[in-house]
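A short write-up of the structure that comes next.
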Amino acid sequence: MSVTATASPPAAASRPGLGRLTVTELKLFIRERVGPIWGVGFPLLLLIIFGSIHSFNKPQKDFGGATTLEIYVPVLIVFSIAILALSALPMVLAGYREKGILRRLQTTPMGPVRLLTAQLAVNFAVTVVMVIVILVVARLGYGVALPKQLAGFAIAVLLAAAALLAVGLFVAATAGSGRAAQAIGTILFFPMMFFAGLWVPIAQMPKLLRYISHGTPLGAAVQALQGAAEGHWPHAQQLLVMAAYAVAFGLAAAKLFRWE
Amino acid sequence: MPAVIEVQNLHKSYGDTVAVDDVSFSVQEGEIFGILGPNGAGKTTTVECVEGLRRPDRGEISVLGLDPQRDRAELTQRLGAQLQDGELPGRLKVGEALALYSSFYRTPADWRALMDTLGLADKSSTRYGKLSGGQKQRLSIALALVGNPRVAVLDELTTGLDPQARRDTWQLIEDVRSRGVTIVLVTHFMEEAERLCDRIALIDTGRVVAVDTPAGLTERVQTEHRIRFQPSVPFDDRLLTSLPDVTSVIHRGDVVVVTGNDNALNAVTSVLARNNIVARQLRVEQASLEDAFVALTGRHPESEQHARESRPGQN
């Protein structure tokens, strides 16, 4: 046996590794299954089930003339974001720390910060793709109109993803293991989805619950998305709530995150 | 030859626990330098400071003229590390891992050639989680070398490997060194240190007990040589006890055990020859590195058997 000393030519351009790292993380994301099945497949399945229920396609007086399905499309979008950010991301990152993968990267020029960046990029990208898929399936399959205020809708999606991914990073920062991170993420998921109107649409909640919902990231997200779908620019308060979660949990995660 | 690694008065504590009390040594270019010591002696903490993973409380470290903390980015280009518990994502394939890690470096090695060299070529599309302990270890070594480093720090290189895989790995390390890579090897296996290392720093409770060649360390312990044999005919003990180099003669059944200094063997065999006594099954026991280890640290090294059992699920 002999080790060849052939060196490939110096890698071109700046940071060739970051692109490869992101592509590799995307492959792992797909192989890991939690994200693709629960974060993308399951919301799509719900959309198809809801869309096939006859009464869901009739305008409802309670929803100001909107159909139940129209009310549920934003809920399904935040459902997907919540799975990716609260379950898939913390499980992967806490697992990476547990297995010493982050520490291993610390000994290379790449460094673990860029691994976090790559993970966030993957989750943002999957979110964008998934939102487009849901909107297109809802439009073509069940005649749900595309959002009338498209820019407002896009901003609400990105802010919602930022807020939830920050919470997910915080969970990953504080949980001891990949399994613990997934458990904490799941525990957070249900109340957050409740206030997003998964079981009872926000408009039909009692006043107190509606109030709380306004202050939760997913409640604010669903309302901003529903508004933008109907053609309004999202309310400043909704955007501020999401931005506040993104900043507060993002900073806390950055402060608490440990590489080992 | 210039020193590649210079460590002076390194001290590192975790809370009240002193991991490294006062460690100094220097590693010359192109050598295989062993860091040997009992569990918890501070070996890993020492090399983690060298790698820049931990910030020393006190002391000076220079690696290739770089400060591991201040010049971290540059150091990672030139120093390859194999960590004791560094895993990879279970679903990452061998080829992907090597291609990925090689993309981190300015002047990487040819990862495909490295994969061949380490006998992983047919595992290129196997997921990390499906590899055996030996294969994982070989991949870990490959990743430490994929950046074409000047210095490689290998922590507990062969723990959890079966004897054949361990010997193959040793061969590999010697090949890497012959390429001019300086190697720091953390180990608690005597055989490994004796076989591979040019020099060894023996560390105990956070301090350097001795820095020497394996032979030099062995010479430090003045254990007596023991000669065992079966004489072809009975003889008078005084024949041997009268020799100045012999300290005692004991009979154990048919076997005679003679102890003495390192000249005793010569003296005993010539006396026996002169008296026409044939020494059958002649054996000489000398001080080993293990004796030196025990004498210098007052402890027994962890046996290989135990080390293997303490890491179940590998191999």
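Of all the residues in the range A:146-188, those that are closer than 19 Å to A:Tyr72 by Cα, part of a loop (DSSP other than H, G, I, E, B) and open to solvent by 50 Å² or more (accessible area, probe 1.4 Å) number 2.
Checked against the criterion of being within 10 Å of the chain's Cα centre (by Cα) and among the hydroxyl-bearing types (Ser, Thr, Tyr), the range A:100-122 contains not a single residue that satisfies it. The listed residues are A:Gly51, A:Gly64, and the only one of them that is open to solvent by 10 Å² or more (accessible area, probe 1.4 Å) and small (Gly, Ala, Ser) turns out to be A:Gly64. Where residues in the range A:98-122 are among the charged types (D, E, K, R) and open to solvent by 20 Å² or more (accessible area, probe 1.4 Å), which of them is nearest to A:Gly19 (Cα to Cα)? Only one residue tops the list, namely A:Arg114. Find the residue count for the range B:194-252, including only residues that are in a helix (DSSP H, G or I), farther than 30 Å from B:Val7 by Cβ and open to solvent by 40 Å² or more (accessible area, probe 1.4 Å). Matching residues across the range B:194-252 total 3.
Of the residues B:Leu75, B:Leu64, B:Leu98, B:Leu92, which is within 8 Å of chain A (Cβ to nearest Cβ) and among the hydrophobic types (A, V, I, L, M, F, W, C)?
B:Leu92
In the range B:1-103, counting only strands (runs of 3 or more DSSP E) that sit wholly within it, the ones holding 3 or more residues that are open to solvent by 10 Å² or more (accessible area, probe 1.4 Å) and in contact (Cβ under 8 Å) with a residue 12 or more places away in the chain span B:3-14, B:17-28, B:58-63. With respect to being of a type in the set (Val, Ile, Thr) and under 13 Å from the mean Cα position of the chain (by Cα), B:Thr241 falls outside the description. Could you check, for the range B:107-125, whether at least one of its residues is assigned by TED's automatic domain parsing to the domain that holds B:Val176, among the aromatic types (Phe, Trp, Tyr) and assigned to a loop (DSSP other than H, G, I, E, B)? No, the range B:107-125 has no match at all. Please work out which residue is nearest to the other protein chains (Cβ to nearest Cβ), limiting yourself to the range B:176-189 and to residues that are over 17 Å from B:Leu10 (Cβ atoms) and surrounded by 21 or more Cβ atoms within 10 Å (Cβ to Cβ). It comes out as B:Val176. For the range B:145-173, how many residues are assigned to a loop (DSSP other than H, G, I, E, B) and either small (Gly, Ala, Ser) or free of Cβ contacts under 8 Å to residues at least 24 places away in the same chain (or both)? Final tally of qualifying residues: 2. With the structure loaded, tell me whether B:Val151 is surrounded by fewer than 23 Cβ atoms within 10 Å (Cβ to Cβ) and more than 11 Å from every other protein chain (Cβ to nearest Cβ) or whether it fails that test. Considered against the rule, which asks whether it is surrounded by fewer than 23 Cβ atoms within 10 Å (Cβ to Cβ) and more than 11 Å from every other protein chain (Cβ to nearest Cβ), B:Val151 comes out as yes.
The values are calculated or read from the model by the stated rules, or taken from the named source; none is laboratory data. Being a predicted model, the structure only gives us computed values, none of them experimental. We place every Cβ from the backbone using ideal geometry, glycine too, and count neighbours over all the protein chains shown. Calculation scope for accessible area: heavy atoms of the full protein, side chains included, ligands and nucleic acids excluded. Shrake-Rupley method; radii C 1.70, N 1.55, O 1.52, S 1.80 Å.
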